[in-house]
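Visitor: This is the structure I have questions about; it appears just below.
What follows is calculated from the coordinates using simple rules that are stated; it is not laboratory data. On a predicted model such as this, the values are computed, not experimentally measured, just so you know. All Cβ positions, even for glycine, are placed from backbone atoms using ideal geometry, and neighbour counts span all protein chains on display.
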Amino acid sequence: MDRPVVAVILAGGTGSRLYPASRSDRPKQFLALGDSDDDRSLLARTAARTGFADATLVATRPEFADEVPDHAPDAEVVVEPAGKDTGPAIVYATHRARDAVDGDPVVVVLPADHHVPDGDAFEATMERGARVAAETDRLVAFGVEPTRPATGYGYVEPGEEHSSDGSAVDYRDLAAFHEKPDGETAAEYVDAGYYWNAGIFAWTPAALFDQARDTPLGPLVGELDSPDPNPVAGFDAVDPVSIDYAVMERADRAAVVPADFAWDDLGAWDALERVLDADDRADADGNVVAGDAEALAVDAADNVVAGDEKHVSLVGVEGLCVVAYDDRVLVVPTGEAQRVRDAVDRLKATGRF
């Protein structure tokens, strides 16, 4: 492919489900989680996976912008005028990508909080997705083969297969997006061959703007496409909205590229059970320890312990996440880890997050 590729890393959120390690002044993208052999932050690991790109942009909020170069020194920092979810952030970063390279680029969008152990397979898949986006003018989503009926992920329903050489599948039509389901529905999706929505995308700026023009992001698109664009005014004209809801669920020209790499979303504490290796297990009962914490387990099994130089004793319990950072302690069943956001919402309401 002879078009340049720009990687856009989304690093503007705080990661509320990883509270209390993640706080309002310490977002999760700056934390080192999920790999005991790699002390780099999640953002630094993501930036290291962008070898397929000709340029890398990191989209973030004003309050985090000064710290980004410490984690991604070779990337250009794109400061969002306001934090309004992934929709406005991605549209603005895609607009800025056109100035990052010579020529009309293909943009690949990457969240900063994913666990991808095989960088070579990841880069090969990103290159394939970028090529599909360039050759078809479609909005490309990357779909991960489910390993379990997870309720914390959205799902992508695939359609007809397309192959350039008659053998391996390059991409499939994207038939539909499905929101995070309940357990029974998730099992039905897995049985039906749906993919997890990895939140990774590829497209040309023209294709995204064309598909986003008649959506809730239309006012921002119109402002950025004007002769004298005013990003602040464009952000003021739209409400917070995800790119999935605003654009991908409405797109009439979309594709899904199967992900040929191992993947996990480090979005909540229960993910540590899946991504940490045997060296991080405190004992044969499946207790997992992360960060600088220590754990003593007595008749305790399948727990996740994380913290900053804290010692945690577990007695007669199982299936818990026990997390201690600073002066805060979180205890939640691993199966309820997604609900940490409910506690954070209450803390935010009183200015204590």
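Visitor: Between D25 and A206, how many nm apart are label points set 7 Å from Cα along the C-beta direction?
Guide: 4.8
Visitor: Next question. Between D285 and A187, what is the label-to-label distance in nm when each label sits 7 Å out along the Cα-to-Cβ direction?
Guide: The answer from the label model is 2.9 nm.
Visitor: Taking the alpha-carbon distance from K310 and a cut-off under 27 Å, which lysines remain once sequence neighbours fewer than 8 residues away in the same chain are dropped?
Guide: Hits, sequence-local ones excluded: K28, K348.
Visitor: What is the distance in Å between the Cα centres of region 298-331 and region 124-202?
Guide: 36
Visitor: Based only on other Cβ atoms within 10 Å, what is the fewest-to-most ordering of M248, M126? Mind showing how you got there, number by number?
Guide: Numbers: M248 22, M126 26.
Ordered by Cβ neighbours within 10 Å, fewest first: M248, M126.
Visitor: Right, next: Count the DSSP beta bridges whose two residues both fall in the chain, then state the antiparallel fraction as a percent rounded to the nearest 5.
Guide: Numbers: 27 of 61 bridges.
For the chain, the DSSP antiparallel bridge percentage is about 45.
Visitor: Next up: Using the crude model of +1 on Lys and Arg Cβ and -1 on Asp and Glu Cβ, and no other charge, please compute the dipole size for region 271-349 relative to its Cα centre, in debye to 20.
Guide: For this selection, approximately 480 debye.
Visitor: Another question about this same structure. How big is the charge dipole of the chain about its Cα centre, in debye rounded to the nearest 20, if each Lys and Arg gets +1 on its Cβ and each Asp and Glu gets -1 on its Cβ? Can you show the working numbers first?
Guide: Details: 30 positive and 69 negative charges, 187 e Å.
Computed about the Cα centre, the dipole is about 900 debye.
Visitor: Then there is this: Helix-only mean residue ellipticity at 222 nm, the chain, DSSP H runs n ≥ 4 weighted -39,500 (n - 2.57), per residue, nearest 500. What is it? Working shown, then result.
Guide: Working: 10 runs with 86 residues, N = 353.
Here the helix-only value at 222 nm equals -6500 deg cm²/dmol.
Visitor: Extension gain D37-D345, at 0.36 nm per residue separation less the Cα-Cα distance, in nm? Show your work: numbers first, answer last.
Guide: Numbers: separation 308, 0.36 × 308 = 110.88 nm, distance 3.29 nm.
The span from D37 to D345 would gain 107.6 nm if fully extended.
Visitor: 7 Å from Cα along Cα→Cβ at both D302 and S163: what's the point-to-point distance in nm?
Guide: 4.0
Visitor: How do H178, H95 rank when sorted from fewest to most other Cβ atoms within 10 Å of their own Cβ?
Guide: On the way: H178 17, H95 22.
With the sparsest Cβ surroundings first, the list reads H178, H95.
Visitor: Same structure, new question: Give the order of E294, E160, E80 when sorted by the count of other beta carbons within 10 angstrom, beginning with the fewest. Could the numbers behind the result be given before it?
Guide: Values: E294 14, E160 8, E80 21.
Neighbour counts put them in this order, fewest first: E160, E294, E80.
Visitor: Specify which residue in the list F122, P111, T94 is farthest towards the positive end of the charge dipole of region 88-137, using unit charges on the beta carbon of Lys, Arg (+1) and Asp, Glu (-1), about the Cα centre.
Guide: T94
Visitor: OK, next. If you wrap a convex hull around the C-alpha atoms of region 28-148 and split its volume per residue, what is the figure in Å³? Before the final figure, lay out each step's value.
Guide: On the way: hull volume 15.8 nm³, N = 121.
Value for region 28-148: 131 Å³ per residue.
Visitor: Work through the residues other than T350 whose Cβ is under 15 Å from its Cβ and net out their charges, Lys, Arg +1 and Asp, Glu -1. All intermediate terms of the calculation are to be shown ahead of the outcome.
Guide: Numbers: positive: R23, R328, R346, K348, R352; negative: D342, D345.
With Lys, Arg at +1 and Asp, Glu at -1, the net is +3.
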